[in-house]
1. I'm checking my understanding of the structure. Among residues of region 49-60 that are in a helix (DSSP H, G or I) and aliphatic (A, V, I, L, M), which one is farthest from Y144 (Cα to Cα)?
2. Residue check: is L185 of a type in the set (A, V, I, L, M, F, W, C), loosely packed, with under 15 Cβ neighbours inside 10 Å and closer than 21 Å to L76 by Cβ?
3. Considering only helices (runs of 4 or more DSSP H) fully contained in region 197-273, which possess at least 2 residues that are within 23 Å of L186 (Cα to Cα) and modelled with pLDDT of 95 or more?
4. Just to be sure I understand, how many residues within region 94-121 are out of contact with any Leu (no Cβ under 7 Å at 6 or more places or on another chain) and within 24 Å of A56 (Cα to Cα)?
5. Within region 61-76, how many residues turn out to be out of contact with any Gly (no Cβ under 8 Å at 6 or more places or on another chain) and assigned to a helix (DSSP H, G or I)?
6. Determine, yes or no, whether S145 is out of contact with any Gly (no Cβ under 9 Å at 6 or more places or on another chain) and either farther than 24 Å from M23 by Cβ or not aliphatic (A, V, I, L, M) (or both).
7. Quick test for you: out of D138, D87, pick the one residue that is part of a loop (DSSP other than H, G, I, E, B) and charged (D, E, K, R).
8. Report yes if some residue within region 14-21 is part of a helix (DSSP H, G or I), modelled with pLDDT of 95 or more and not charged (D, E, K, R); otherwise report no.
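The values are calculated or read from the model by the stated rules, or taken from the named source; none is laboratory data. The structure displayed is predicted, hence computed values, not measured ones. Every residue, glycine among them, receives a Cβ derived from its backbone with ideal geometry; neighbour counts consider all protein chains shown.
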Amino acid sequence: MNERQHRTSEDHSAVTVLGLGPMGQAMTRTLLAAGHHVTVWNRTPGRADGVVADGAVRAATPAEAVGASDLVLLSLTDYRAMYAVLDGATASLTGRTLVNLSSDTPDRTREAASWAADHGAAFLTGGVMVPAPMVGTDAAHVYYSGPDDVMERHHKTLAPLGVPRYLGADPGLAQMMYQAQLTVLLTTLSALMHATAMLGTTGTKAAEALPHLLAFTDSIGAVLRAGEETPGAALDAGEHPGALSTVTMMGATADHIVETSTSLGLDLALPLAVQHHYRHAIEQGHGGDNWTRIIDGIRASADPQRVR
C-alpha cells in the first residue's frame, strides 16, 4: 500500500487549512474539535502557534500542507493570494479538492475553478456567512457551489463549520450569494453609522442611539411584509403594486434625509445614492409603483443575459 492509499484508508478525516487569520483559526479549531487531523500553513508562521498548541500540525511549506490531506481549505484575503500560495505547490494538487472560502468576484472564482482543474484538482467555492467567533455554532451556515459529487463527498467533513447550503454546479454561485449578502451587511453598517452621526448632532450618545437603530433593523422583515408576503414573487413577475409604500413617498423621505444630512454637514455619499434610485424611478414615470421599482434603475447597465 502506497502513502496516498494509506492516508485515504486510515486517515480519511485529514484536512489542510491554508491561511490562519481569525477565520482560518476558527475553522481549524472547529475541525479539531470534530475529531479531524488538521495540517496548517500560514505565511507568517507564528500565527499557527495557537492552533498547533490545540493539536494542529504545522507544515513548513504550502506543498507540504497540500500533500498532507485530500481536502484543502483556503482562508485567504482573495484569489490572488491563492495563486501566490499555491504557485510552488501545483505538483501536489492532483487528486485533491480545494475549497476556497476566500472573498473575491464570481468571475475570478470561475477562473480559479478552471485553474484548479488544469492542475488535476476538484474545486468548491464557499462563503462563510458568520464572523469567526460564530464558526461551528448552531447559527453558522456556509454556501457552497461546484460539482455536486464533490460536494457530496466532503459534506460530512465540512458540516461542523456551519450548515452546508449547496447552490449548484456553477462555482460562481456561492461567491455571488456571499457578495449579495455582504452588500446588505455593508450597506446596513454604513447606514447605522450615518444614522448614529445624525443623532449625535443632537447630543445623543451612540450608546443610546444604537439600541433603537438596531431594534429597527431587526424589524425590517416585518416592515416589508406588512401583513403580506415578502416582495420576491412580485419582483420575479415584474409587478410593483403601489398600494402601500410608493416610489414617490419613499423618494420624498430620501429627499428629506439628504436635506437633513446636508444641513448637519455629514457625508452625503450614502443618502445621495439612495435618493438617486428613487429620482430615477420617478423620472421614468413610476412614481405610483411600489418602492421595489427602483430595481429597474439598479439593473439598468446589467448584462440582459445575466438578469434573471
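1. Among them, the one singled out is A53.
2. When the stated conditions are applied, L185 passes them.
3. Qualifying helices (runs of 4 or more DSSP H): 206-218, 247-264.
4. Of the residues in region 94-121, 3 are out of contact with any Leu (no Cβ under 7 Å at 6 or more places or on another chain) and within 24 Å of A56 (Cα to Cα).
5. Total satisfying the criteria: 4.
6. Details: out of contact with any Gly (no Cβ under 9 Å at 6 or more places or on another chain): no; either farther than 24 Å from M23 by Cβ or not aliphatic (A, V, I, L, M) (or both): yes.
The answer is no for S145.
7. D138
8. First pass over region 14-21, keeping only residues part of a helix (DSSP H, G or I): none.
Checked against the condition, which is being part of a helix (DSSP H, G or I), modelled with pLDDT of 95 or more and not charged (D, E, K, R), region 14-21 yields no hits at all.
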